[in-house]
Each structure stands twice: as C-alpha cells, then as structure tokens.
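Down below is the structure, laid out as structure tokens.
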Amino acid sequence: MKADAVRGHLDGLLLAVLEPGPLHGYAIIAAVQRRSGGALELRTGTIYPALNRLERLGLLSSSWQSSGERRRRCYELTDAGRATLAGERAAWAEFTEAIGSVLNPGPTPGLAT
C-alpha cells in the first residue's frame, strides 16, 4: 500500500492501536502491521514524531517501563485521546461512505439505468 494512503490517517491509526492499552514504539508498529494484515508498514521515523506530537497535544501520555535490562517508553491514550479517536472513527466512516458512493455508485432513484 502506498505511504500516501496513510497520510492524514496516522493519528487515528496510532490512537486506535493504543486503545486496548499501553504499548511501546515497536509494538505499535507491529500492531498496525498485524491489524492491517501486513498492508501497512510504518517506520520508526514516522511514528515517533507523531507519538511525541500526540503527547504534546494531550492525547497520549507516556512512561518509561523496564523489560529486563531494556527501558522502553510506553504510550497510552488519555481521556482526550479516546474522545479524539471517536471523532476520527466518525470522520473515517463519513469519508469512506462518500468515496464509496462515488467509486461504487448504486442506482439513482428516478433515473433509468
């Protein structure tokens, strides 16, 4: 899938994979890839700036967690992040309905086909 396809939807993707609970960066990348059936492969250079921006906006919080000798920053949704995710989902539903109506038009009432 083209990288351009993700542009504009990255925030929603990140918020959605964090909805079940906290994850560190590589786990976020793996979750997006797994949930998309391998169609979406995000790079660390893409997600870390986005995660930092979402945290500055108050949509995510983060903390350092240890796994053995390794420390990782884990991110989780805030209440504002959950509200934003709900808005992203509503906007996505509206967008896909509009695009679907153009790409796969049904019969128009009152017109002969």
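The values are calculated or read from the model by the stated rules, or taken from the named source; none is laboratory data. Fair warning: this is a prediction, and the values are worked out from it, not measured in the lab. Virtual Cβ from ideal backbone geometry, glycine too; neighbours counted across all protein chains shown. Note: accessible area is taken over every heavy atom of the protein model, side chains too, but ligands, DNA and RNA are not part of it. Shrake-Rupley method; radii C 1.70, N 1.55, O 1.52, S 1.80 Å.
Remarks
Every residue, every condition in (1) closer than 14 Å to residue 10 by Cβ; (2) of a type outside the set (S, T, N, Q); (3) in contact with a strand residue (DSSP E or B) (Cβ under 9 Å, 6 or more places away or on another chain); (4) modelled with pLDDT of 95 or more, yes or no:
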{"site": "25", "(1), (2), (3), (4)": "yes, yes, yes, no"}
{"site": "28", "(1), (2), (3), (4)": "yes, yes, yes, yes"}
{"site": "39", "(1), (2), (3), (4)": "no, yes, no, no"}
{"site": "42", "(1), (2), (3), (4)": "yes, yes, no, no"}
{"site": "47", "(1), (2), (3), (4)": "yes, yes, no, no"}
{"site": "57", "(1), (2), (3), (4)": "yes, yes, no, yes"}
{"site": "62", "(1), (2), (3), (4)": "no, no, yes, yes"}
{"site": "67", "(1), (2), (3), (4)": "no, no, yes, no"}
{"site": "74", "(1), (2), (3), (4)": "no, yes, yes, yes"}
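Okay, residues lined up against (1) among the small types (Gly, Ala, Ser); (2) in contact with a His (Cβ under 9 Å, 6 or more places away or on another chain):
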| site | (1), (2) |
| --- | --- |
| 65 | no, yes |
| 70 | no, no |
| 74 | no, yes |
| 77 | no, no |
| 86 | yes, no |
| 89 | no, no |
| 93 | yes, no |
| 96 | no, no |
| 101 | yes, no |
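- Pair list, Cβ under 7 Å, 6 or more apart: region 5-22 residue free of Cβ contacts under 8 Å to residues at least 40 places away in the same chain, other residue open to solvent by 60 Å² or more (accessible area, probe 1.4 Å) and assigned to a helix (DSSP H, G or I): 17/35
- All conditions in (1) in contact with a strand residue (DSSP E or B) (Cβ under 8 Å, 6 or more places away or on another chain); (2) modelled with pLDDT under 95; (3) polar (S, T, N, Q) hold for residue 108, with the sole exception of (1).
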